[in-house]
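The structure appears below as structure tokens.
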Number of protein chains: 2
Amino acid sequence: MSMMTWEGVQIQGAAGIIEKLASLPFKRVQHKTTTVDAQPSLPGVKAIIVMVTGQLLVDEETKPQQFSQTFHLVEDKGYFVYNDIFRLNYA
Amino acid sequence: MSMMTWEGVQIQGAAGIIEKLASLPFKRVQHKTTTVDAQPSLPGVKAIIVMVTGQLLVDEETKPQQFSQTFHLVEDKGYFVYNDIFRLNYA
């Protein structure tokens, strides 16, 4: 079952994740990816860990916020996001 | 075989990783962890994905740098670091 940790809040399952994302208090978010690194995550398993860092801009804000996000993509009739960890990076 | 991606440079194997870490151009680094999030990374496998964000201070520098790091810990007679992805977060 897919898992997401969003700013420390843990959610399990696609329905809960969609509900959480829909509840976020903004209408639009623009992502600007700065770095993307990927590694195979286990021998003998079709799975990839990806860490993304970058900046995002919410609604009409003009000051971008740094973020970091880790995805774990696992093959099961196509790849799906098994793990998703998102954090804003406060200075 | 353990993998590390350090600022986009990919290294495989414990010997190479130790050599890389020893070659870094500073003597001391202090880490201050801001967030740690962990999730089990696969059903039926003893493995954990951890994403850490925080600040680090190198040698005599006084301005901390933001960093993000993802670890994948896999059980094999004790847990070891199978994946390690490190990035500084530039604004």
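The values are calculated or read from the model by the stated rules, or taken from the named source; none is laboratory data. Predicted model only: the values in this text are computed from it and were never measured. Heads up, the Cβs are rebuilt from the backbone with ideal geometry, glycines too, and the neighbour counts pull from every protein chain shown. With ligands, DNA and RNA removed, areas are computed over all heavy atoms of the protein, side chains included. Shrake-Rupley method; radii C 1.70, N 1.55, O 1.52, S 1.80 Å.
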Residue check: is B:K46 charged (D, E, K, R), more than 18 Å from B:L88 (Cα to Cα) and modelled with pLDDT under 95?
yes
Tell me yes or no: at least one residue of the stretch A:5-25 is within 11 Å of chain B (Cβ to nearest Cβ) and open to solvent by 90 Å² or more (accessible area, probe 1.4 Å).
yes
Can you tell me which residue in the stretch A:73-91 is farthest from B:A47 (Cα to Cα), limited to those that are within 11 Å of another protein chain (Cβ to nearest Cβ), out of contact with any strand residue (DSSP E or B) (no Cβ under 6 Å at 6 or more places or on another chain) and not acidic (D, E)?
A:A91
Please count how many residues of the stretch A:39-91 are without any contact (Cβ under 8 Å) to a residue 60 or more places away in the chain and in a strand (DSSP E or B).
26
Looking at the stretch B:10-35, which of its residues are within 22 Å of B:P64 (Cα to Cα) and part of a strand (DSSP E or B)?
B:V29, B:Q30, B:H31, B:K32, B:T33, B:T34, B:T35
Quickly run through the stretch B:36-72 and pick out the residues that are surrounded by fewer than 18 Cβ atoms within 10 Å (Cβ to Cβ), more than 9 Å from chain A (Cβ to nearest Cβ) and under 20 Å from A:S2 (Cα atoms).
B:V36, B:G44, B:K46, B:I48
Would you pick out the residues in the stretch A:75-91 that are under 22 Å from A:L24 (Cβ atoms) and open to solvent by less than 90 Å² (accessible area, probe 1.4 Å)?
A:F80, A:V81, A:Y82, A:N83, A:D84, A:I85, A:F86, A:R87, A:L88, A:N89
